[in-house]
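*Asks:* Take this structure first; my questions come after.
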């Protein structure tokens, strides 16, 4: 059950699902639902990447700014 609760918690934190308490015949429970029809279709954390060269340059720049990232890029370059 731990993996299911983690997955539901992640979906809730990402805004992909909402929760609501409902009472039926005296029993109260939490129900989960999609807040909008297309909530599972669009990306939750970034716009669609239409300008890939710019995004790649930003990511490479971030890696070059970190010592371990720079070492990983140097090792990759050595194998090309």
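Values quoted throughout were computed directly from the atomic coordinates according to the rules given, and no laboratory measurement underlies them. The shown structure was predicted, so the numbers you read here are calculated from the model rather than taken from an experiment. For neighbour counting, all protein chains shown are included, and Cβ atoms are generated from backbone atoms with ideal geometry for every residue, glycine included.
*Asks:* Looking only at region 1-23, count how many residues are touching a residue at least 24 places away in the same chain (Cβ under 8 Å) and touching a helix residue (DSSP H, G or I) at 6+ places or on another chain (Cβ under 9 Å).
*Replies:* Result for region 1-23: 1.
*Asks:* Under 6 Å by Cβ, and 6 or more places apart or on different chains, what pairs join a residue from region 52-80 that is touching a residue at least 12 places away in the same chain (Cβ under 8 Å) with one that is assigned to a helix (DSSP H, G or I) and surrounded by 10 or more Cβ atoms within 10 Å (Cβ to Cβ)?
*Replies:* Qualifying pairs under 6 Å: 73/63.
*Asks:* Right, here's the next one. Tally the residues that are surrounded by 11 or more Cβ atoms within 10 Å (Cβ to Cβ) and assigned to a helix (DSSP H, G or I), restricting the search to region 8-21.
*Replies:* Number satisfying all stated conditions: 5.
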